[in-house]
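The values are calculated or read from the model by the stated rules, or taken from the named source; none is laboratory data. Just so it is clear, the model here is predicted, and its values are computed rather than measured. Ideal geometry is used to build each Cβ from the backbone, glycine not excepted, and the neighbour counts take in all protein chains shown.
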Amino acid sequence: GILEGLAIVIDRGFHKLFILSDSQEAVQVAQWSGTKVSMSTLVKRINILLANLAHWSILHVSKDYNKEVDSLAKMSIGNNGGTKFFEIPPWELACISR
């Protein structure tokens, strides 16, 4: 999810991030972080990590335009819950994006 991705981005030393999510609710919560939105522990942790970045933005995309990311997420589920990094996009992903 967003929390795990943020932790990886920060751990790898990135300072700018552009997030695409097919969850409208996740996008709204991140954009409204300065308002009186219900601040669950998860949202608070995400906001703390976002504050460590010099610049970030988040945009909602429909599931139709998020097929590549969805495929990567499904690949990681079959990976016994561990994080999997790709130096080169998997061939399945390359086929989807054409």
Just name the residue that is farthest from Ile10 (Cα to Cα) out of those in segment 38-58 that are of a type in the set (S, T, N, Q) and out of contact with any strand residue (DSSP E or B) (no Cβ under 6 Å at 6 or more places or on another chain).
Ser38
Restricted to segment 1-57 and to residues being surrounded by 11 or more Cβ atoms within 10 Å (Cβ to Cβ) and in a strand (DSSP E or B), the residue modelled with the lowest pLDDT is Leu20
